[in-house]
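The values are calculated or read from the model by the stated rules, or taken from the named source; none is laboratory data. Predicted model, so just to flag it, every value in this text is computed and none were measured. Counting neighbours? That spans all protein chains shown, and the Cβs are built from the backbone with ideal geometry, glycine included. When the accessible area is computed, the model is the full protein with side chains, heavy atoms only, and any ligands, DNA or RNA have been set aside. Shrake-Rupley method; radii C 1.70, N 1.55, O 1.52, S 1.80 Å.
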Amino acid sequence: MEPKYNIHTHIFTGKCAPKDFLQVALPLGDGVSVFLKWLFVTRPVSWLIKRLGGRVHNRMVQFLKIGVMTSQQEIFETLCDKYQNSPYSDLKFIALTIDMNYMTDTKNKPYIDFQAQLQEVLEIKKAYPAQIFPFYGVDPRNSATVSLLPVQRALESGAFSGLKLYPPNGFFPFDPRLDALYRYAEEKGIPIMTHCTRGGSYYLGENVLALLPDVPPSLNDSHPIMPKVVERIKAYKNASDKAFRKAAYACNLFTHPENYLPVLDKYPRLKLCIAHMGGDIEILGPTNANRKHAQRCVTAMHLEGSTDTWYGLIKSKLLIPAYPNTYTDISYSLCDAACMAVLQSDLAKGEIPRDRVLFGTDYFMVTKENSELTVTAIAQQALKADFVPMMTVNNARYLFKGQTAAPKV
């Protein structure tokens with residue numbers, strides 16, 4: 001029986017996230033969000049939230065219940081428990097670490113820095129060597145982790161199985177400081193997971209425009225997409241709608257799927273998963289039944305000088321024969337049955353190669369929408385015969401060089 005994998009999970013605690021992290025989900029001022037975050041992680045309040053989570057099945061309460069857990073190991077064990085009485089009790093998990101030290105201004109940095117997050121994950125790997133396959137988070141602004149030597153040590157020791165990028169935290173994936181890592185990853189067949197949706201988490205500092213130079217440096221300066229990137233930055237900075245100058249929208253500039261073209265044209269055999277398929281807003285596009293989301297998509301496409309959605313760009317420009325090791329995953333987007341119906345139709349029509357789509361849920365972020373087993377069932381029902389290969393052979397091919405199963409521990 002082929003091993004099964006959930007390619008996209010998170011186990012970081014609330015203390016690993018910035019102090020103003022709640023602004024991502026709630027329209028709060030900086031001071032209020034910092035206070036609430038502090039309140040939630042204090043022992044009496046976190047105890048109360050856990051108690052409520054056992055009795056009240058409100059989605060936000062369930063999300064907070066996980067976020068206030070005392071350790072990443074507790075979150076990981078909770079995730080494993082969710083599948084124990086399901087057909088997927090033998091599921092293995094890819095835990096994606098994220099460097100959130102640079103996600104906000106210095107005054108609001110996480111209670112626990114990224115090195116401490118990594119050390120705790122190492123201990124979980126020792127305790128569950130055959131069940132967890134962590135990815136090492138990389139941010140080019142962190143010289144302690146972006147240099148090649150610590151990454152090599154982490155990967156070649158077997159402790160970490162891949163790399164994780166989160167561009168909307170404030171950097172472009174074509175940042176020259178990532179060049180050596182891409183070269184190494186292509187040579188060694190190391191998988192990279194990167195975030196690709198509008199929204200989600202994003203840079204929370206007060207001046208996001210300071211991270212957006214008019215002409216950003218690139219590991220491939222002469223690439224034909226770079227003038228288009230420059231025009232997008234200019235369009236956002238001059239947008240009549242001031243919302244596009246704020247972080248929640250401006251971070252789309254970091255996340256745009258075409259930002260990977262300079263990377264892939266330099267390293268065409270790179271193993272790269274463009275997570276979430278661009279997100280539900282982009283998958284459903286202008287035809288979205290949610291008029292607000294449909295209009296948001298149309299407005300952003302116009303501002304970015306594009307005639308296609310991010311989902312369309314991923315299909316037509318990234319999941320192509322020229323880049324034989326690019327993938328996408330269904331994480332978070334699997335919450336929406338309509339998104340899964342679009343994917344199933346495109347798989348049937350051959351618009352997306354069947355072996356390029358991976359199963360993942362985006363635990364515990366997805367808890368804001370529905371339970372882990374419910375979203376898995378939504379995907380299984382919609383994708384039918386394509387579902388199991390996504391969970392097994394597709395995920396194994398992405399994870400392990402030249403293998404369709406995990407190496408023996």
* Asked: If you check L212, L163, which single one turns out to be farther than 19 Å from F400 by Cβ and at pLDDT 95 or above?
  -> L212
* Identify the single condition in (1) free of Cβ contacts under 8 Å to residues at least 12 places away in the same chain; (2) under 26 Å from L91 (Cβ atoms) that R354 does not satisfy, given that it satisfies every other one. => (1)
* **Looking only at the range 363-387, and only at residues there that are assigned to a helix (DSSP H, G or I) and either acidic (D, E) or touching a Pro at 6+ places or on another chain (Cβ under 6 Å) (or both), the one that is farthest from F12 (Cα to Cα)** => D386
* Structure fact -> Okay, helices (runs of 4 or more DSSP H) sitting entirely in the range 90-175 with 1 or more residues that are within 30 Å of K246 (Cα to Cα), in contact with a helix residue (DSSP H, G or I) (Cβ under 9 Å, 6 or more places away or on another chain) and open to solvent by 10 Å² or more (accessible area, probe 1.4 Å), I get 114-127, 143-146
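Restricting attention to the range 179-195, which residues are of a type in the set (A, V, I, L, M) and either outside any helix (DSSP H, G or I) or in contact (Cβ under 8 Å) with a residue 60 or more places away in the chain (or both)?
The answer is A185, I190, I192, M193.
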* Can you name the residue in the range 340-372 that is of a type in the set (S, T, Y) and under 25 Å from Y83 (Cβ atoms) and is also surrounded by the fewest Cβ atoms within 10 Å (Cβ to Cβ) among such residues? -> S371
